[in-house]
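Below you'll find the structure, written out as structure tokens, and then a few comments.
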Amino acid sequence: MFVKTFARSFTAAPDDIDELGHVNNAVWVRWIQEIAVAHWETVAPPDHLAAHVWVVIRHEIDYRGNVRLGDTVTGETWVADPPKGARFDRRVRFTDAAGAVMVEAVTTWALLDRATGRLLRVRPEVAAPFLA
């Protein structure tokens, strides 16, 4: 099955490193949010960007390896399944230069009306840029 993916790189900066010498778990959450927002801003048409905002309602994260200061990982994200009402699950994977998976996540996002803050059902035209 073909899945539309979006990718970007992240390099561990000094403020990203915890007392154990690797990227802090909170930084992985921030990077997940950054790649998801960048994906939305890249593929959504301007009228969707103006009318809607996504909020995360759940993160499920598996940490599989450590990333140290100066290391670069490639984040890749995609939406594998159609939305359910106002929500959809987004997959995220971060790999190191050798292709080893460092972190994998499934995050659930809900669509809000930007003006009112109310939940909205994800219409087919809003989901289309993300689905194969």
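The values are calculated or read from the model by the stated rules, or taken from the named source; none is laboratory data. Just so it is clear, the structure is predicted and the values come from calculations on it, not from any experiment. Because the Cβ atoms are built from the backbone with ideal geometry, glycine has one as well, and the counts that use them run over all protein chains shown. Keep in mind that these areas ignore ligands, DNA and RNA; they rest on the heavy atoms of the full protein, side chains included. Shrake-Rupley method; radii C 1.70, N 1.55, O 1.52, S 1.80 Å.
Taking Thr116, is it surrounded by 17 or more Cβ atoms within 10 Å (Cβ to Cβ) and either at pLDDT 95 or above or out of contact with any strand residue (DSSP E or B) (no Cβ under 8 Å at 6 or more places or on another chain) (or both)? In short, no.
Selection within segment 71-94: residues that are under 14 Å from the mean Cα position of the chain (by Cα) and among the hydroxyl-bearing types (Ser, Thr, Tyr). The member of this set that is nearest to Ala38 (Cα to Cα) is Thr77. From the set of residues in segment 104-129 that are of a type in the set (A, V, I, L, M) and part of a strand (DSSP E or B), which is farthest from Leu49 (Cα to Cα)? Per the stated criteria, the residue is Ala105. Within segment 89-103, count every residue that is open to solvent by 50 Å² or more (accessible area, probe 1.4 Å) and either in a strand (DSSP E or B) or among the β-branched types (Val, Ile, Thr) (or both). The total comes to 3.
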